[in-house]
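Please read the structure below before turning to the comments.
The values are calculated or read from the model by the stated rules, or taken from the named source; none is laboratory data. Given the structure is predicted, the values throughout are model-derived calculations rather than measurements. Positions of Cβ are generated from backbone atoms using ideal geometry, with glycine treated the same way; all protein chains shown enter the neighbour counts.
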Amino acid sequence: MRRMMTMLLIFVIAATVFSCQKETDESRVKKVITDIQTAGEAKDVKAILEHLAKTYSDPQGYNYETIKGLLLGYFFRYPKITVYINNLTITVEKASAKAVFQTVLTSGKKTGSVSDVIPQSLGVWDFDVSLTKESDDWKVVSSEWTQADIMKSEEGDQ
């Protein structure tokens, strides 16, 4: 009986070890994007900034500190923010990665009326995010975003 239990234990341990797959860089980059999404909905500036490189700089002229101010402004202005991510495409090449996706941002204001449950749109945005591997973590080094022209894409679908 003891031998049988030992064999069973060895089998369970071996199955567990072999079934664990190494996390890919693509999945780690996706986790950075979804962690930022979750932190944005929680209005957690610190958690978002943990995923930005201190050398962050983007084509819009923002750096690490100005992104912090931008986030604080949005979070102050909108009492509730919900972020939906669509069409996430991730490419990784050595120590750099790119994430391209579209977001839908919504917000509801606390007025005590039925309209609280109907979110107001903050817009649909196209993002092109560049990341680099620092130590063993992926950090956002640049991001470009533009308001999506959803009317154009809807016309193209017809």
*Within the range 47-104, work out how many residues are of a type in the set (K, R) and assigned to a strand (DSSP E or B).*
1
*Residue check for G69: at pLDDT 95 or above and exposed (fewer than 14 other Cβ atoms within 10 Å of the Cβ)*: yes
*Report the residue count in the range 34-65 for those that are free of Cβ contacts under 8 Å to residues at least 60 places away in the same chain, under 21 Å from S96 (Cα atoms) and among the hydrophobic types (A, V, I, L, M, F, W, C).*
2
*asked:* Can you find, within the range 83-108, the residue that is farthest from F127 (Cα to Cα) among those that are surrounded by 14 or more Cβ atoms within 10 Å (Cβ to Cβ), of a type in the set (S, T, N, Q) and in contact with an Asp or Glu (Cβ under 9 Å, 6 or more places away or on another chain)?
replied: T103
*Before we move on, is K22 basic (K, R) and either closer than 20 Å to L122 by Cβ or modelled with pLDDT of 95 or more (or both)?*
no
*Quick check: anything in the range 85-93 without any contact (Cβ under 8 Å) to a residue 12 or more places away in the chain and touching a Ser or Thr at 6+ places or on another chain (Cβ under 9 Å)?*
no
*Could you list all residues from the range 30-46 that are surrounded by 13 or more Cβ atoms within 10 Å (Cβ to Cβ) and part of a loop (DSSP other than H, G, I, E, B)?*
K43, D44
*Given the conditions (1) in contact with a helix residue (DSSP H, G or I) (Cβ under 8 Å, 6 or more places away or on another chain); (2) of a type in the set (K, R); (3) buried (at least 16 other Cβ atoms within 10 Å of the Cβ), report the number of the one that K54 does not fulfil.*
(3)
*Quick one: how many residues across the range 26-49 are closer than 20 Å to V92 by Cβ and either within 8 Å of the chain's Cα centre (by Cα) or not small (G, A, S) (or both)?*
11
